[in-house]
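Asker: Handing you a structure now.
The values are calculated or read from the model by the stated rules, or taken from the named source; none is laboratory data. From a predicted model like this one, the values you see are computed outputs, not experimental measurements. Methodologically, a virtual Cβ is constructed for each residue, glycine included, from the backbone with ideal geometry; neighbour enumeration extends over all protein chains shown.
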Amino acid sequence: MAALDARGVLTAWTAGAGRLLGYRPDEVVGRAAADLLAVDLPASVLPGIERREECNGRVMLRRRDGRAVEIDVHAAPTHGTRGNSGWVVVALEPGEPGSRHDTAAALRNWALDQMPIVLGIYDREKRMVGGNEEAQRVIAAREEAVLGLRPGEIFPSLIADQVEQLMTQVIRTGERSTLEMVTPLPGESHAHAWSVFLYPVKDPAGTVRGVSTAALDTTTQYRARQRLAVVNAASVRIGSTLDTVRTAQELADVATEQFADFVSVDLLDSAVGDNEADPRRATAGVLLRRAAQQSVLDGCPESAVEPGKTERYSGDSPLARALVTGRPSRYAIDNPDIQAWLEHDTARARSARAYGIHSLIVVPLLARGTTLGLAVFLRHRTPDPFDTDDLLLAEEITARAALCIDNARRYTHERNTVLALQRSMLPQRTSPHVAVAVASRHPSAGSGSGAGVGGDWFDVVPLSGGRVALVVGDVVGHGIQALATMGRLRLAVRTLADMDMPPDELLTHLDDLVLRLADRADREEGPGAEEMQTAVAGEIGATCLYAVYDPLSRRYTLARAGHPVSAVVAPDGTVDFPELPDGPPLGLGGLPFESVELELPDGSLIALFTNGLIESGESGADAGFDRLSRALTASGGTSSLEQICDNVLDALLPGGVPSDDVAVLLARTQGMDASQVAIWDLPADPAVVARTRKMAIDQLAAWGLEEASFVTELVVSELVTNAIRHAVAPIQLRLIHESSLICEVSDASSTAPHLRRARVFDEGGRGLLLVAQLTQRWGTRHTPHGKIIWAEQSLPTGH
């Protein structure tokens, strides 16, 4: 035992104290008790000393031989008769009676004080009656300064309102409650995450006497969850389309939700285009285009570059350095490299000052060894600077976005290549024709549909006699193989059309061609053989509709192979889908095709299309036919064909971009006037040839075509003579004056002449050679009752 006066000077020293520390009374009495301490008094006993209350604690004392010893002590204040006061301190050696109990009590006190959980005890009026040392550290105030205060008088108002509401609930119900909150500590700018547990304090009778709070700092776990949420969002939302700019915007959107306050994504122009970029070769700086940006502030006011604009970064800037090295980096705004860069970029320097930007991360976009651009992450509203974990997170989500952007870039390049190939295989523009006026559209499937470029096609083929063939087809499948098959079919149709085959016969030959292509694909081996077979034939192969319009007879003859029927709009606006035998798709073989012949008045509108037009909606083909009928009716008979095309696409394609390729071909009929045709029935008499030449020359004079008399006289003479010599009556001569002059001689024989080279002493064989040399083109057209030999010669401009 020892006694101290009010100044802390030892006034009494017992023998037990001497045995404990090795000092005699005369060596310590009169000295300051603090001289015997090996370390300062523990914080747990200081409040009791200041309030002059009895207190227990463990202190570290210094023995006379210099060794430190840890002692459990009990201190009690004394009051003298003359008003002087002091302390009596009792020390218990380890192992003495009562020391275990006192040590356990001290351990409990120390454990509560040193627990890394903020503990607070409140009475029924929600006034603080106690707390541990961690609570004092967190609220930055000693216990006596906050005793008797409510949470609203200690913490920020918003947090306090939530805490007090839950306290009231706990006191009323006697049940525990929890609260998750994010708030900064007093005197700190960055926020902490807290898990708060509120539980009632009850007496032995079970009556609620107060409420206690235990708050655990979960900032580390909270930030880890935030980063994980960003990674999860990036994995789901970045790369939802094969669009470069959209993917860049998705990166910016995801990163500004829980990670950065502003994000910009700049892409190298050369990397987005067809040529890959190598920023390591940049000496005068790196040119980048702003692809996307996002901010926690409306309108991205801190941005120094508008989306779509380009900017050149100097070669020594941190951004250019990241592109060259391919390594991400993070900076504080006061970093010397950042400050040196901002000195030469006044717009960014003003933005940094105006919005308080304090931290940034620069990450290059790298994918498959190719540098695509740069992502920059800024913080100005979030007080915490970026740390090492944030750098890793930025690198991870940027790497995913870079891969998706590279996929989109490669897809765009391949798609543009296929589209260019498709455009080269389709008629870019149709030449004016006397029989019909035409307009067409061929919108390709949108890049986000996943369908790819398809094999839909159309064509307008001039035929002999002023007639015209209208054809539309669709190859099953997408991609290069479908385009290759489409090119073969279109070339085959043109070749067969030049042979003047009727529609049903032409489709039969086309069906045989598809079968041969499929058979060849079956025999081929190696890469692409299976894809080729599927593209050529597959289960339903290709479809086609072939139609011929004759402006002289106004007859429209058509046949189809598994293709949707065409629409016919009368001059009064009535829309009809003529009944047409549904032939099998091309590639099945063995089944016949049938033609239908219609007579159309002048000014009729013919609409041919592929199934992508009528099946673009969700309600099926029947509803598509109804929408097409309404669109054609609404367009009216006086609208231009180009306007009608636009109206049809607007009505049937939601959003203007089809989910599959679409081909639309519109043709307005314009019959030939009787004054443009001259017809003579001729007897099978050689003497009639001279008279026929005279009639033809007179007709040319009536048309004002005297300049064509010489060639026409020769052609008429040769064709009529051949018909009289080698063919069968009846024989007929027909002259047609349209954009060219057509001479036709028909007979009842099915034997067609052929061009040959006559030998020196041959009497015949030179006539057709002269006809072929002097005319633009010539040929033979078979009819149900014989054939027609025709020759077409061009006319001078103005005729």
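Asker: If you scan region 169-197, which residues turn out to be surrounded by 12 or more Cβ atoms within 10 Å (Cβ to Cβ), of a type in the set (Val, Ile, Thr) and at pLDDT 85 or above?
Answerer: Val170, Ile171, Val196
Asker: Then there is this: Within region 286-301, is even one residue outside any loop (DSSP other than H, G, I, E, B), free of Cβ contacts under 8 Å to residues at least 40 places away in the same chain and closer than 17 Å to Phe262 by Cβ?
Answerer: Among the residues of region 286-301, at least one is outside any loop (DSSP other than H, G, I, E, B), free of Cβ contacts under 8 Å to residues at least 40 places away in the same chain and closer than 17 Å to Phe262 by Cβ, which makes the answer yes.
Asker: Against the conditions (1) farther than 19 Å from Ala234 by Cα; (2) not in a strand (DSSP E or B), where does Glu395 fall short? Just the number, please.
Answerer: It is condition (1) that Glu395 fails.
Residues are listed down the side, and each one gets a yes or a no for (1) assigned to a loop (DSSP other than H, G, I, E, B); (2) of a type in the set (S, T, N, Q); (3) under 22 Å from Ala402 (Cα atoms); (4) touching a strand residue (DSSP E or B) at 6+ places or on another chain (Cβ under 7 Å):
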position: Glu306; (1), (2), (3), (4): yes, no, yes, yes
position: Ala322; (1), (2), (3), (4): no, no, yes, yes
position: Arg327; (1), (2), (3), (4): yes, no, yes, no
position: Arg330; (1), (2), (3), (4): no, no, yes, yes
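Asker: Could you tell me which residue of region 590-618 is surrounded by the most Cβ atoms within 10 Å (Cβ to Cβ), considering only residues that are of a type in the set (D, E, K, R) and within 46 Å of the chain's Cα centre (by Cα)?
Answerer: So in region 590-618, the residues of a type in the set (D, E, K, R) come out as 594, 597, 599, 602, 615, 618.
Next, only the ones that are within 46 Å of the chain's Cα centre (by Cα) stay: 615, 618.
Numbers: Glu615: 19, Glu618: 7.
Ranking the qualifying residues of region 590-618, first place goes to Glu615.
Asker: Oh, and also: Whether any residue in region 294-309 is of a type in the set (Lys, Arg) and either within 15 Å of Leu365 (Cα to Cα) or touching a Pro at 6+ places or on another chain (Cβ under 8 Å) (or both) is what I want to check. First the steps, then the outcome.
Answerer: Of all residues in region 294-309, those of a type in the set (Lys, Arg) come to 309.
Restricting the remaining residues to those that are either within 15 Å of Leu365 (Cα to Cα) or touching a Pro at 6+ places or on another chain (Cβ under 8 Å) (or both) gives none.
No, region 294-309 contains no residue that is of a type in the set (Lys, Arg) and either within 15 Å of Leu365 (Cα to Cα) or touching a Pro at 6+ places or on another chain (Cβ under 8 Å) (or both).
Asker: Can you tell me how many residues within region 100-123 are modelled with pLDDT of 85 or more and under 58 Å from the mean Cα position of the chain (by Cα)? Reasoning before the result, please.
Answerer: To start, the set of residues in region 100-123 that are modelled with pLDDT of 85 or more comprises 117-123.
Pick out the ones that are also under 58 Å from the mean Cα position of the chain (by Cα) and you get 117-122.
Selection size over region 100-123: 6.
Asker: May I ask you to list the residues in region 452-468 that are closer than 17 Å to His563 by Cβ, in contact with a Pro (Cβ under 8 Å, 6 or more places away or on another chain) and not charged (D, E, K, R)?
Answerer: Within region 452-468, Phe458, Val460 meet the criteria.
Asker: It is to be established whether one or more residues within region 85-95 are polar (S, T, N, Q), at pLDDT below 85, closer than 30 Å to Ile139 by Cβ and surrounded by fewer than 16 Cβ atoms within 10 Å (Cβ to Cβ). Lay out the reasoning, then the answer.
Answerer: We begin by selecting, within region 85-95, every residue polar (S, T, N, Q); these are 85.
With at pLDDT below 85 added as a condition, the list becomes 85.
Filter once more, keeping what is closer than 30 Å to Ile139 by Cβ: none.
Checked against the condition, which is being polar (S, T, N, Q), at pLDDT below 85, closer than 30 Å to Ile139 by Cβ and surrounded by fewer than 16 Cβ atoms within 10 Å (Cβ to Cβ), region 85-95 yields no hits at all.
Asker: Here's a follow-up. Take Ser359 and decide whether it is out of contact with any strand residue (DSSP E or B) (no Cβ under 6 Å at 6 or more places or on another chain), within 18 Å of Gln294 (Cα to Cα) and assigned by TED's automatic domain parsing to the domain that holds Arg381. Spell out how you get there, then give the answer.
Answerer: Working: out of contact with any strand residue (DSSP E or B) (no Cβ under 6 Å at 6 or more places or on another chain): no; within 18 Å of Gln294 (Cα to Cα): yes; assigned by TED's automatic domain parsing to the domain that holds Arg381: yes.
It is false that Ser359 is out of contact with any strand residue (DSSP E or B) (no Cβ under 6 Å at 6 or more places or on another chain), within 18 Å of Gln294 (Cα to Cα) and assigned by TED's automatic domain parsing to the domain that holds Arg381.
Asker: Gly373 fails exactly one of the following numbered conditions: (1) in a strand (DSSP E or B); (2) within 30 Å of Val182 (Cβ to Cβ); (3) in contact (Cβ under 8 Å) with a residue 60 or more places away in the chain. What is the number of that condition?
Answerer: Unmet condition: (2).
Asker: Just to be sure, is Ala684 assigned to a loop (DSSP other than H, G, I, E, B), among the aliphatic types (A, V, I, L, M) and out of contact with any Lys or Arg (no Cβ under 8 Å at 6 or more places or on another chain)?
Answerer: yes
Asker: Continuing with this model, one more query. Restricting attention to region 12-57, and to residues there that are among the polar types (S, T, N, Q) and surrounded by 15 or more Cβ atoms within 10 Å (Cβ to Cβ), which single residue is farthest from the chain's Cα centre (by Cα)?
Answerer: Quick first cut of region 12-57, residues among the polar types (S, T, N, Q) only: 14, 44, 56.
In the following step, the residues that additionally are surrounded by 15 or more Cβ atoms within 10 Å (Cβ to Cβ) were identified as 44, 56.
Values: Ser44: 62, Asn56: 70 Å.
Ranking the candidates gives Asn56 first.
Asker: Hey, can you tell me all the residues within region 231-241 that are surrounded by fewer than 21 Cβ atoms within 10 Å (Cβ to Cβ) and touching a residue at least 60 places away in the same chain (Cβ under 8 Å)? Before you say what the answer is, go through the steps one by one.
Answerer: To start, the set of residues in region 231-241 that are surrounded by fewer than 21 Cβ atoms within 10 Å (Cβ to Cβ) comprises 231-233, 235-237, 239-241.
Selection gives Val231, Ser235, Gly239, Thr241.
Asker: For residues that are surrounded by fewer than 17 Cβ atoms within 10 Å (Cβ to Cβ) and over 44 Å from the mean Cα position of the chain (by Cα), scanning just region 491-501, find the one that is farthest from Ile788 (Cα to Cα). I'd like the intermediate steps shown before the answer.
Answerer: Residues of region 491-501 that are surrounded by fewer than 17 Cβ atoms within 10 Å (Cβ to Cβ), as a first pass: 491, 494-495, 498-499.
Then drop every residue that is not over 44 Å from the mean Cα position of the chain (by Cα), which leaves 498-499.
Numbers: Asp498: 14, Met499: 12 Å.
The qualifying residue farthest from Ile788 (Cα to Cα) is Asp498.
Asker: Okay, moving on. Which one of these does Tyr411 not meet: (1) in contact with a Ser or Thr (Cβ under 9 Å, 6 or more places away or on another chain); (2) more than 30 Å from Pro364 (Cβ to Cβ); (3) at pLDDT below 90; (4) outside any loop (DSSP other than H, G, I, E, B)?
Answerer: Against the list (1) in contact with a Ser or Thr (Cβ under 9 Å, 6 or more places away or on another chain); (2) more than 30 Å from Pro364 (Cβ to Cβ); (3) at pLDDT below 90; (4) outside any loop (DSSP other than H, G, I, E, B), Tyr411 comes up short only on (2).
Asker: Restricting attention to region 620-634, does a residue exist that is part of a loop (DSSP other than H, G, I, E, B) and either farther than 21 Å from Val460 by Cα or not assigned by TED's automatic domain parsing to the domain that holds His737 (or both)?
Answerer: First, the residues of region 620-634 that are part of a loop (DSSP other than H, G, I, E, B): 620.
With the extra rule that they be either farther than 21 Å from Val460 by Cα or not assigned by TED's automatic domain parsing to the domain that holds His737 (or both), the set shrinks to 620.
Scanning region 620-634, I find at least one residue that is part of a loop (DSSP other than H, G, I, E, B) and either farther than 21 Å from Val460 by Cα or not assigned by TED's automatic domain parsing to the domain that holds His737 (or both), so the answer is yes.
Asker: Continuing with this model, one more query. Among the residues of region 1-10, which ones are surrounded by fewer than 15 Cβ atoms within 10 Å (Cβ to Cβ) and touching a Gly at 6+ places or on another chain (Cβ under 7 Å)? Break it down into steps so the answer makes sense when it comes.
Answerer: Restricting attention to region 1-10, the residues satisfying the condition of being surrounded by fewer than 15 Cβ atoms within 10 Å (Cβ to Cβ) are 1, 6-8.
Across region 1-10, the qualifying residues are Met1, Ala6.
Asker: Based on this model, can you work out whether Leu682 counts as within 21 Å of Leu545 (Cβ to Cβ) and either in contact (Cβ under 8 Å) with a residue 40 or more places away in the chain or in the same structural domain as Pro730 (by TED's automatic domain parsing) (or both)? I'd like the intermediate steps shown before the answer.
Answerer: Details: within 21 Å of Leu545 (Cβ to Cβ): no; either in contact (Cβ under 8 Å) with a residue 40 or more places away in the chain or in the same structural domain as Pro730 (by TED's automatic domain parsing) (or both): yes.
Judged against the criteria, Leu682 is not a match.
Asker: Next up: What tally of residues in region 376-415 results from selecting those that are in contact (Cβ under 8 Å) with a residue 40 or more places away in the chain and over 24 Å from Ile357 (Cβ atoms)?
Answerer: Qualifying residue count for the region: 10.
Asker: Within region 559-580, does at least one residue satisfy the condition of being surrounded by 14 or more Cβ atoms within 10 Å (Cβ to Cβ), in the same structural domain as Ser444 (by TED's automatic domain parsing), part of a helix (DSSP H, G or I) and under 43 Å from the mean Cα position of the chain (by Cα)?
Answerer: Looking through region 559-580, none of the residues is surrounded by 14 or more Cβ atoms within 10 Å (Cβ to Cβ), in the same structural domain as Ser444 (by TED's automatic domain parsing), part of a helix (DSSP H, G or I) and under 43 Å from the mean Cα position of the chain (by Cα).
Asker: I've got another one for you. Taking interchain pairs and intrachain pairs at least six residues apart, which have beta carbon atoms under 6 angstrom, with the first residue in region 141-153 and free of Cβ contacts under 8 Å to residues at least 40 places away in the same chain and the second among the hydrophobic types (A, V, I, L, M, F, W, C)?
Answerer: That search, which allows pairs on different chains as well, returns Val146/Met128; Val146/Ile154; Leu147/Met128; Leu149/Met128; Pro151/Ala160; Pro151/Val163; Gly152/Ala160.
Asker: When you check Ala214 against the structure, is it touching a residue at least 40 places away in the same chain (Cβ under 8 Å) and within 49 Å of the chain's Cα centre (by Cα), yes or no?
Answerer: Numbers: touching a residue at least 40 places away in the same chain (Cβ under 8 Å): yes; within 49 Å of the chain's Cα centre (by Cα): yes.
Yes.
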